[in-house]
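Right, one structure below, let's go through it.
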Amino acid sequence: MTSSTDRPVAVVTGSSSGIGAATARELARQGFHVVLGARRTELTKELATELDGTALPLDVTDIDSVAAFASAIPTARVLVNNAGGAKGMAPVAEADEEQWRWMWETNVLGTLRITKALLPALISSGDGHIVTVTSVAAFEAYDNGAGYTSAKHAQAVVHRTLRGELLGQPVRLTEIAPGMVETEFSLVRFDGNQEKADRVYAGLTPLTAEDVAEVIGFAVSRPSHVNLDTIVLKPRDQASATRAFRRS
C-alpha cells in the first residue's frame, strides 16, 4: 500500500474502466480504501486520486505481476474479481486458439491467481468477501461464443467451489452474473470495431456499469452473516443470452 489508512481495504481488478471503475467508486462511497489493479495505470492512478485510493499495476495473466501486486497489499477485506473479457465470435470449427488462450488466461487463471494470492489476507481480516463478476455466459451456451462461455463457466465453477472449501472461514463469496452491460466489453470482443460493438446494444436499453456496481455494493454491505451466493442481473429487455426485445 502506498498510503496508510484506517479504512477497510477493497481490491478491485480490471478497474481502469467500466464495471471495475464504477465498483471502485461505489466501494469508496461506502468507506473503503480502494486498491485499483489494472494494466492501464494512467487511468487507475487518475481514479485513485479522485477516490483517495491506491493504484497498482496488475496484469492477471502474468504470475510475477500478480505476486508483486499481492505483496503490496498486507490487508484486505473485499476482493472484486472483475478482470476478464471476450475476444471474437468464431464458431468452434474456426476457433482461434490465441483468442481462447487469452480468454482462459484472463477470466479463469487470472481469477485463480488473484484469489489465491489474497486469500490469506481476506481470511485474516476476520470478515472477508470475494466477489467474482462472471456473466450470464456462465450459465448458458450460445453459438459462436464457446471460447467465452466455456471460460466463464470455468471461472464460475472455481468461485462456486470456494464457497464450500471456505465453509467455516470468515469469508463470504458472491457471484455477480450480468447480462448486457454497455461498457468496452463488446469493443474488445470485436477488436475495436465500434460499429459491431454498437450493434450489440441497438434497439434496447442495456445495463450500465453503475447498475452492476450498485448491486456489488449491496452484496458487500449486507451484515457479515448474510451471504448472497449468486446474483443474476439483466436488462428488462433481455430474457437470456440469445433472446432480447429490440425496438425498431
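Taken as a whole, the structure places GLU184 among residues that are charged (D, E, K, R) and in contact with a helix residue (DSSP H, G or I) (Cβ under 7 Å, 6 or more places away or on another chain). The helices (runs of 4 or more DSSP H) found entirely in the range 20-111 that carry 2 or more residues being of a type in the set (Gly, Ala, Ser) and farther than 23 Å from ASN144 by Cα are 63-71. Of the residues making up the range 163-219, those that are closer than 27 Å to ILE123 by Cβ and surrounded by 18 or more Cβ atoms within 10 Å (Cβ to Cβ) number 13. Taking every residue in the range 217-242 that is farther than 30 Å from ASN144 by Cα and pairing it with any residue that is of a type in the set (Val, Ile, Thr), at least 6 positions away or on another chain, the pairs with Cβ-Cβ distances below 6 Å are ALA219/THR174; VAL220/VAL78; LEU228/THR174. Sub-9 Å Cβ pairs linking a first residue in the range 23-38 that is within 18 Å of VAL215 (Cβ to Cβ) and at pLDDT below 95 to a second residue that is among the polar types (S, T, N, Q) and assigned to a strand (DSSP E or B), at least 6 apart or interchain, number zero. Six or more apart or on different chains, Cβ atoms under 9 Å: show the pairs whose first residue is in the range 129-151 and farther than 29 Å from LEU118 by Cβ and whose second is outside any loop (DSSP other than H, G, I, E, B) and of a type in the set (D, E, K, R). Within 9 Å, no pair qualifies. Does any residue of the range 53-70 turn out to be surrounded by fewer than 24 Cβ atoms within 10 Å (Cβ to Cβ) and farther than 20 Å from THR115 by Cβ? Among the residues of the range 53-70, not one is surrounded by fewer than 24 Cβ atoms within 10 Å (Cβ to Cβ) and farther than 20 Å from THR115 by Cβ, which makes the answer no.
If you check THR75, THR49, which single one turns out to be β-branched (Val, Ile, Thr), in contact (Cβ under 8 Å) with a residue 60 or more places away in the chain and surrounded by fewer than 23 Cβ atoms within 10 Å (Cβ to Cβ)?
When all the criteria are applied, what remains is THR75.
Taken together, ARG113, ARG160 contain a single residue that is within 14 Å of the chain's Cα centre (by Cα) and more than 19 Å from PHE190 (Cβ to Cβ), which is ARG113.
The values are calculated or read from the model by the stated rules, or taken from the named source; none is laboratory data. None of the values given here were measured: they were computed from a predicted structure. All Cβ positions, glycine included, derive from the backbone under ideal geometry; neighbour counts span all protein chains shown.
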